[in-house]
Amino acid sequence: KATLKVQNPIATMEVEGYGTIKVELYPDIAPNTVNNFITLANNGFYDGLTFHRVIKDFIIQGGDKKGDGTGSPYLSDLDSSISKEQDKEYAIKGEFKANGYDNSLKHTEGVISMARSDYSAYGKTEEGYNSAGSQFFIVTTDNQETLNSLNGNYAAFGKVIEGYDIVEKIANVKVKEAD
């Protein structure tokens, strides 16, 4: 019997002034998340965006058009034929254990995962679980004590396979504390 092994998609991030990061995506683990990420990338959504959040020994985060962590994608970012009247912000269902989805990918160094809002302090847990859209983060530590809060609560969907040195360069940029 012959079997055909389907290759996982590879996302290539060209980070101006730093270099190239290649991320293997896992549609078998988080199919909707991977599909959303690929569609946004192929439509140029991520072009020119920055890593707007860097937390040393934890994560680097990008994917926000506003550049401040508050931006969400619009339906027209997925499909340019969407009219202005039909256009609106959207979010995807979180593919992780706390949201009833079996995602086996643990957050370890180099794993890419979807960022989302946390509304649990307001009693709106489900809204937070299903608030991811375009923002993602790449884990920069293997400290499981630090990462335990992510496992089962965020949709991990791939891993850096080339250019982790670029991730480290970004992670070590001197940042100004927020006011």
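Just the Cα atoms of the range 84-169: what Rg and Dmax do they give in Å?
14.3, 47
Using only helices, what value at 222 nm comes out for the chain when you add -39,500 (n - 2.57) per DSSP H run of length 4 or more and divide by the total residues, to the nearest 500 deg cm²/dmol? Could you put the intermediate results ahead of the total?
Details: 5 runs with 33 residues, N = 179.
One gets -4500 deg cm²/dmol as the mean residue ellipticity at 222 nm.
How large is the translational diffusion coefficient of the range 38-103 in µm² per second when you combine the Kirkwood radius over alpha carbon pairs with Stokes-Einstein at 37 °C and 0.692 mPa s? Display every interim value, and only then the final one.
On the way: Rh = 13.8 Å.
Using the Kirkwood radius from Cα pairs, D works out to 237 µm²/s.
Please give the Cα centre distance for the range 45-84 versus the range 102-179, rounded to the nearest Å.
14 Å
Measuring from the lowest to the highest alpha carbon on each principal axis, how far does the chain reach, largest first, in angstroms?
Reported extents, whole Å, longest axis first: 62, 43, 37.
Determine the relative contact order of the range 1-64: mean sequence separation of Cα pairs under 8 Å and six or more apart, normalised by residue count, in whole percent.
Details: 54 pairs, mean separation 11.1, N = 64.
Value for the range 1-64: 17 percent.
Could you give log10 I(q)/I(0) at q = 0.13, 0.16, 0.27 Å⁻¹ for the range 124-179, computed by the Debye formula over C-alpha point scatterers of equal weight, without solvent?
For the range 124-179 at q = 0.13, 0.16, 0.27 Å⁻¹, log10 I(q)/I(0) is -0.49, -0.73, -1.21.
What is the set of long-range amide H partners of E162 at a cut-off below 5 Å, with H atoms built 1.01 Å from backbone N?
The answer is K22.
Would you check the range 33-179 for Lys pairs whose C-alpha atoms are within less than 15 Å, ignoring same-chain pairs closer than 8 in sequence, and give me the count? If you can, show how the numbers build up before the last one.
Numbers: K56/K169; K56/K174; K56/K176; K65/K88; K93/K124; K97/K106; K106/K159.
Here the count comes out as 7.
With a 1.4 Å probe and every protein chain kept in, tell me what percent of the accessible surface of the range 68-147 is carbon plus sulfur.
44 percent
Do you know the relative contact order of the chain, to the nearest whole percent, from alpha carbon pairs under 8 angstrom that are 6+ apart?
Working: 340 pairs, mean separation 49.9, N = 179.
For the chain, the relative contact order is 28 percent.
Using just the Cα positions, wrap the range 1-73 in a convex hull and report its mean projected area in square nanometres, one decimal place.
Numbers: hull surface 27.6 nm².
For the range 1-73, the mean projected area of the Cα convex hull comes to 6.9 nm².
The values are calculated or read from the model by the stated rules, or taken from the named source; none is laboratory data. Source: prediction; values computed, not measured. The accessibility values were calculated without ligands, DNA or RNA, using every heavy atom of the protein model including side chains. Shrake-Rupley method; radii C 1.70, N 1.55, O 1.52, S 1.80 Å.
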